[in-house]
Amino acid sequence: MTTASVCTIGDEILIGQIVDTNSSAIARALGRIGVQVTRMVSIGDRREDILDTLSRELKLADIVITTGGLGPTKDDITKAALAELSGSHAYVEHPGQLEMVYEILHSRGLDVLDINRAQALVPETCEVIVNHRGTAPIMVFRMGKATLYAMPGVPFETEAALPDVLDDISAHYPLSAISHRHLMTYGMAESALSKAIAPWEDALPADMHLAYLPNPLTGVKLRLSVYGGNPDETAARLDREVARLKALLGDVIYAEGERSLEEELGRVLADNGKTLSVAESCTGGEIAHLITGVPGSSRYFLGSVTSYAIPVKEKVLGVPDTIIRDKGVVSAEVAEAMAEGVLRLTGSDYAVATTGLAGPGGDGVYPDGTVWVAVCSKTDKKSRLFQYHNDRKRNIQRFSASALYFLLTFVNSELSR
C-alpha cells in the first residue's frame with residue numbers, strides 16, 4: 001500500500017501560535033484515494049532540521065507532503081532547503097505562477113514587488129502545480145521512488161490545491177482501497193465500552209482494525225478499518241461486523257457515519273416532520289447553539305428560553321413556585337415543568353430542559369457537575385440525573401451533550417412505537 005508522511009514547517013506551529021489544520025485535511029484527502037498516512041511531523045524554521053527530517057521521511061514513505069515555509073519573507077526558508085535537498089543549482093521562473101502573482105496582487109490593489117516576483121522562482125529540479133489561491137507554487141520533487149510535494153501553509157490555499165496534488169499522486173502511484181465504518185456511541189466510557197465488546201473485538205478478522213476515538217461532546221467514535229482488498233467484498237464484510245456490534249450495544253450506538261449528536265437528532269426530526277424547543281438554565285443556551293449550528297435546523301427547531309433566573313422559570317415557563325420551594329431549583333420536577341412549559345409556549349412536538357450546577361459553588365444539596373435533564377412530548381415525559389466532575393466550561397458541554405443524547409433516545413423510542 002502507498003504510504004505518506006505529512007510534515008508541517010514553521011516555528012508558529014511548534015510554539016502553539018497557530019493550530020495545524022492542514023495535516024488533518026491532507027490525511028483525510030489521502031485516505032479517500034487509498035493512501036495510508038503513517039507519520040505526521042512538525043519541523044521548526046531551521047535549515048538543518050528541515051533537511052534532516054525530510055531526508056528521513058523520504059526514506060520511510062512513498063509520498064511526503066509539506067506545508068508552510070514558502071512565503072516571501074526571509075524567515076521562509078523551505079524553498080532553499082528543498083533546492084539543497086534535491087541537488088538544484090539554479091532557480092527558474094515559472095510563467096504560470098508568475099501570472100497568478102500579478103493577478104492576485106492586482107486584484108487586491110497592490111503593486112508587484114521583486115519579493116513577490118521571487119515567489120514564482122523555483123528550483124530547477126522541481127515540477128510545478130500552479131497555486132490559484134496564493135503566490136507560492138506547489139513544488140513537486142521526484143526523488144527516486146519517493147515524491148515530495150511542497151504546499152503553502154495558508155489553510156485555504158492548501159485545501160484548494162489538494163485536488164491537483166491528489167490527481168498527480170493518482171497518476172504516479174498504485175492506490176489501494178481503504179474502507180472505514182464509523183459508529184458514534186454515547187453514554188459509555190471508553191474503558192467500559194472496550195470491556196463490553198471485547199469478545200467481538202477479539203474475534204475480528206486479522207485484516208480488520210478497530211480504533212476508539214473519545215470526545216466529551218460526541219461520545220466515543222468507533223472506527224472499523226480494512227486496508228486493501230476488494231471494495232465490494234470488504235463493504236459486505238464490514239456490514240456484517242457492524243450488525244453484530246449493533247446487536248451488542250443497542251442504543252449506545254446513536255449514529256452511523258461521523259454525525260454529531262445534534263446532527264443525528266436533526267436528521268431524525270427532519271425525516272419525521274417533527275419539531276423541537278428547548279428550555280435551559282445551567283447550560284445557558286449551549287444546547288440551542290449546538291442545534292442551530294446544524295445547517296437546515298430551521299426545519300425542526302422552533303426556539304428556546306434561557307431561563308437562568310427563578311422569576312423567568314416561573315413567569316415565562318410557568319414553573320409553579322411551590323415546586324421550586326418544595327423540590328429545589330435543581331430537581332427532576334423543575335426540569336420537567338420547564339420542558340412542559342416551553343413545549344406549551346412553542347407548540348413543538350418535543351422539548352428538552354436542563355437545570356443544574358455547572359459550578360463552582362454548589363447548592364448544599366447537590367455537588368457541582370450535577371444536572372437534571374427532562375424531555376417531553378405531548379403525551380409523555382421523562383427526567384434523568386447526570387453528574388460530572390469537570391470545570392465549569394466542560395460541565396456545561398457535558399450537560400448539553402447528555403441532554404441531546406437523552407432527547408435523541410426519547411424521540412427514537414416514541415417514533416418506533
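Can you tell me how many residues within segment 67-100 are of a type in the set (A, V, I, L, M), in contact (Cβ under 8 Å) with a residue 60 or more places away in the chain and closer than 11 Å to P137 by Cα?
The number of residues fulfilling the criteria is 1.
Regarding segment 56-78, can at least one residue be identified that is over 30 Å from R117 (Cα atoms) and touching a helix residue (DSSP H, G or I) at 6+ places or on another chain (Cβ under 7 Å)?
No, segment 56-78 has no match at all.
Quick one: which of M139, M143, M188 is among the hydrophobic types (A, V, I, L, M, F, W, C) and within 21 Å of the chain's Cα centre (by Cα)?
Among M139, M143, M188, only M188 is among the hydrophobic types (A, V, I, L, M, F, W, C) and within 21 Å of the chain's Cα centre (by Cα).
Restricting attention to segment 286-333, which residues are of a type outside the set (F, W, Y), outside any helix (DSSP H, G or I) and more than 22 Å from G362 (Cβ to Cβ)?
Within segment 286-333, G293, V294, P295, G296, L302, G303, S304, V305, V316, L317, G318, P320 qualify.
Please go through segment 94-126 and give me each residue that is charged (D, E, K, R) and closer than 20 Å to A161 by Cβ, ordered by number.
The answer is E99, E103, R108.
Being in the same structural domain as V373 (by TED's automatic domain parsing) and in contact with a Pro (Cβ under 8 Å, 6 or more places away or on another chain) is true for just one of A337, A332. Which residue is that?
Being in the same structural domain as V373 (by TED's automatic domain parsing) and in contact with a Pro (Cβ under 8 Å, 6 or more places away or on another chain) holds for just one of A337, A332, which is A337.
Output the number of the condition that V294 fails; it satisfies all remaining conditions of (1) crowded, with 17+ Cβ neighbours inside 10 Å; (2) within 19 Å of R398 (Cα to Cα); (3) out of contact with any strand residue (DSSP E or B) (no Cβ under 9 Å at 6 or more places or on another chain).
The single condition V294 does not satisfy is (3).
Inspect all residues belonging to segment 154-169 and state whether any of them is touching a His at 6+ places or on another chain (Cβ under 8 Å) and not in a helix (DSSP H, G or I).
no
Quick test for you: out of L110, L54, L82, L98, pick the one residue that is assigned to a helix (DSSP H, G or I) and either surrounded by fewer than 22 Cβ atoms within 10 Å (Cβ to Cβ) or within 21 Å of the chain's Cα centre (by Cα) (or both).
L98
So is L249 outside the structural domain of A339 (by TED's automatic domain parsing) and either in a helix (DSSP H, G or I) or in contact (Cβ under 8 Å) with a residue 12 or more places away in the chain (or both) or not?
Answer is yes for this residue.
The values are calculated or read from the model by the stated rules, or taken from the named source; none is laboratory data. Source: prediction; values computed, not measured. Neighbour counts run over all protein chains shown; Cβ positions are idealised from the backbone, glycine included.
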